[in-house]
1. How do the pairs read when you match residues in region 68-89 that are closer than 20 Å to Asp138 by Cα with residues anywhere that are loosely packed, with under 14 Cβ neighbours inside 10 Å, using Cβ under 7 Å and keeping only pairs 6 or more apart or on different chains?
2. Can you tell me which residue within region 90-101, out of those that are out of contact with any Pro (no Cβ under 9 Å at 6 or more places or on another chain) and of a type outside the set (Val, Ile, Thr), is nearest to Glu139 (Cα to Cα)?
3. Yes or no: Ile461 closer than 19 Å to Asn354 by Cβ and under 26 Å from the mean Cα position of the chain (by Cα)?
4. Checking Met1 against (1) at pLDDT below 90; (2) among the hydrophobic types (A, V, I, L, M, F, W, C); (3) surrounded by fewer than 17 Cβ atoms within 10 Å (Cβ to Cβ): exactly one of these is not met. Which one?
5. Within region 210-251, can you find the residues that are crowded, with 20+ Cβ neighbours inside 10 Å and either outside any strand (DSSP E or B) or without any contact (Cβ under 8 Å) to a residue 12 or more places away in the chain (or both)?
6. How many residues does region 244-271 contain that are modelled with pLDDT of 75 or more, among the polar types (S, T, N, Q) and in contact with a Lys or Arg (Cβ under 9 Å, 6 or more places away or on another chain)?
7. Tell me which residues, restricted to region 22-60, are among the acidic types (Asp, Glu) and in contact with a Gly (Cβ under 9 Å, 6 or more places away or on another chain).
8. Condition first: at positive phi and open to solvent by 50 Å² or more (accessible area, probe 1.4 Å). Now tell me which residues in region 19-49 satisfy that.
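The values are calculated or read from the model by the stated rules, or taken from the named source; none is laboratory data. Only a predicted model underlies this, so the values are computations on that prediction, with no experimental measurement involved. Cβ atoms come from the backbone with ideal geometry, glycine included; neighbour counts cover every protein chain shown. Heavy atoms of the whole protein, side chains included, go into the accessibility calculation; ligands, DNA and RNA do not. Shrake-Rupley method; radii C 1.70, N 1.55, O 1.52, S 1.80 Å.
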Amino acid sequence: MKKLLSLFLLTPLFITSQSIIKEDNFEKNNRPIELHYFSKTNEIGISYGTTYKLSTNSKINKIIKIDKFGKEQNYYEGESIMNPIWSSSGNTLKASKFSATSLGKKYLYVLSDDAKTEFRKYSDLTKSYFTSFLNFNDEFHIGFLNQNGKRNIDLEKDELYLEKRNLKTDKISKIKLDKPVISELTNKNYLKPYESNIFFKTKLLKGNKFEIITKAFTKDYKTSNVFRRVYDLDGNLLSNNNYKVNLAKGVMAYSKTGADYYGYSTHDVLNNIFVDSKSNEVYVYGLYSEKPKGYRIHNKILGYYIYKFSEDGNLIYKVQNSINDKEGLNRKMYWKGIISYMYVDDGKISLFINKIPQVISFTNGKSQIDKSNLFSHTFNLNALTGERIINKKKLPRSKTSLNFKAPLIGYTPSDFNRFLDGAYTERTLRKLRFNASAPAIIRENDNIKSYLKSLISRTIINIHLIKSSEGVWFIESDNKKYYKVLFFEN
């Protein structure tokens, strides 16, 4: 990290390729509340409204979208809402009617054709299995039930039904599905789920389709089978494929891969899949570690693996690369603090591995926080061949000055009232607080380094960096008086 710090000190000031997209002051009852990023359209969304000292709920009266050219769209303005959640396209919004003292009793949709539904009662929603606010597209909201209309599904014994709800009309359809093959998941050599039932992950896909993902891992933590079943929203099974990973060295390591969002079986996080929406090629990725003895809680990460398959399950290539980082990633640590995720864009794989502060216990009203060995890594690979894309300059290891300075977010009402959250700082930039992915982005971008040098403040400035295929979104705010949105072109 010393090399990174020296770059901050030695990089001269020069005209950079950034554009100031939006700059404004906080106003009473109309301050920025939440930041959203829409990867499909490379846009930023900002919610405006009011926060309350004694409530974790924020009253939102307006939401705008901004593109990298500064074109602004007034997406929503009307009756006060809270807790907005977006469809994967970023075109449809679901939100609760504002209440300062509850989670909300009513909800509405703001639809892709600019129409709004009336407020509907949450009590009228069937509590179907995996019915999540994230499980809706621009037309339907889906959930799952068993033959008795219950959401607690036992895949081994129960039948599986899709519940499809039309967003505009609120009409409900229930459709019986050809469920996953249980014998593929219950081999005596496989790890058993931590819960009593076998769980699955589900996701809506483009073209009004959805997938059901189930997994099986061998007891030696070396082999996994990822089963992916794709259906249309009429319940027809369109494909059923297996993506098998067999590690040549080490064992699969637990980390927050995002694979556990819809399920509860901890084994799910041993790896995750990414499906290229253009080619339909499937990537299975994860981290690997030492032998699994007593290792569900703590890991010493040795590297990462990426297996690429055709849509029908034929292996195209496999990559297993070690990471030499004795001061950070290779040290023993609590697995829930390790974040790993990847995406593919413009022929390049981008894999991110971050360590975030993690609450390990909560006693006497105080949080015990694991904030050691913080690191932030980015690895770029050629999506066609799997070969590493090496930058000309050697990137530093994660023996860093990434120090956790800000209070842990999410335990007091005031924590929820921040527009931007920053937890990481550099020794030479003590007044700046960054999100977890920022350090790796900064290392790769001289223009951002130069701009950071120009930020001189007597108060804390929070900075949120978001990497896109076209450049980097740079959002800064003191969370009190001002905010600024910039875009750094590639």
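1. Final answer for the pair search is Ser89/Lys40.
2. Within region 90-101, the subset out of contact with any Pro (no Cβ under 9 Å at 6 or more places or on another chain) is 90-92, 97-101.
Filter again for of a type outside the set (Val, Ile, Thr), leaving 90-91, 97-100.
Details: Gly90: 13, Asn91: 11, Lys97: 21, Phe98: 24, Ser99: 27, Ala100: 30 Å.
Step by step, filter region 90-101, then rank; the result is Asn91.
3. Details: closer than 19 Å to Asn354 by Cβ: no; under 26 Å from the mean Cα position of the chain (by Cα): yes.
Considered against the rule, which asks whether it is closer than 19 Å to Asn354 by Cβ and under 26 Å from the mean Cα position of the chain (by Cα), Ile461 comes out as no.
4. Single failed check for Met1: (3).
5. Of everything in region 210-251, those that are crowded, with 20+ Cβ neighbours inside 10 Å and either outside any strand (DSSP E or B) or without any contact (Cβ under 8 Å) to a residue 12 or more places away in the chain (or both) turn out to be Tyr221, Gly250.
6. Total meeting the criteria: 3.
7. From region 22-60, those among the acidic types (Asp, Glu) are 23-24, 27, 34, 43; that's our starting set.
Scanning region 22-60 gives Glu34, Glu43.
8. Matches in region 19-49: Asn29 only.
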